[in-house]
Amino acid sequence: MEDALALVAVNLRRIRDEKGMTQDALAQAASMDPSEIRRIESASRDPGVRVLARLARGLGVPAAELLAGIG
């Protein structure tokens, strides 16, 4: 099984790209600092449940999509 943090990073980046959003646009939509998005996408920051919920809202997807593949 891949590392859960790495899977969240991959899922976040993939969904953001599919939505055509930059890291800055996602940060604005999620009311976050762009540096936080960069750290999460590089798997150097472990986002908590509240952060995952904010990211999901900013992306317009269910939070479960950010956790896809984690089992």
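Rule-based calculations on the coordinates, nothing more; no lab input. In this text, all values refer to a predicted model and were calculated from it rather than measured experimentally. In this analysis, Cβ positions are derived from the backbone assuming ideal geometry, glycine residues included, and neighbour counts consider all displayed protein chains.
Data table
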item: Relative packing of 14-25, 30-41, which averages over residues the other C-beta atoms within 10 Å, highest first; result: 30-41, 14-25
item: Phi-based couplings in Hz for the stretch 27-37 (Karplus 6.51, -1.76, 1.60; Gly and Pro marked x); result: 4, 5, 5, 9, 6, 10, 7, x, 5, 5, 4
item: For V61, residues with placed amide H under 5 Å, excluding near neighbours; result: none
item: Point-charge dipole on Cβ atoms (K/R +1, D/E -1) for the chain, about Cα centre, debye to 20; result: 180
item: Using θ = phi - 60° and Karplus 6.51 cos²θ - 1.76 cosθ + 1.60, couplings along the stretch 8-14 (whole Hz; Gly, Pro as x); result: 4, 4, 5, 4, 4, 4, 4
item: Sum of side-chain charges, R16 neighbourhood, beta-carbon under 15 Å (Lys, Arg +1; Asp, Glu -1); result: +1
item: Exposure proxy order (Cβ contacts within 10 Å, fewest to most) of L12, L52; result: L52, L12
item: Contact order normalised by residue count of the chain, Cα under 8 Å, 6+ apart, percent; result: 42
item: Alpha carbon convex hull of the chain, projected area averaged over orientations, nm²; result: 4.0
item: 0 to 90° range, to nearest 10: angle between helix 49-59 axis and the chain longest Cα axis; result: 60
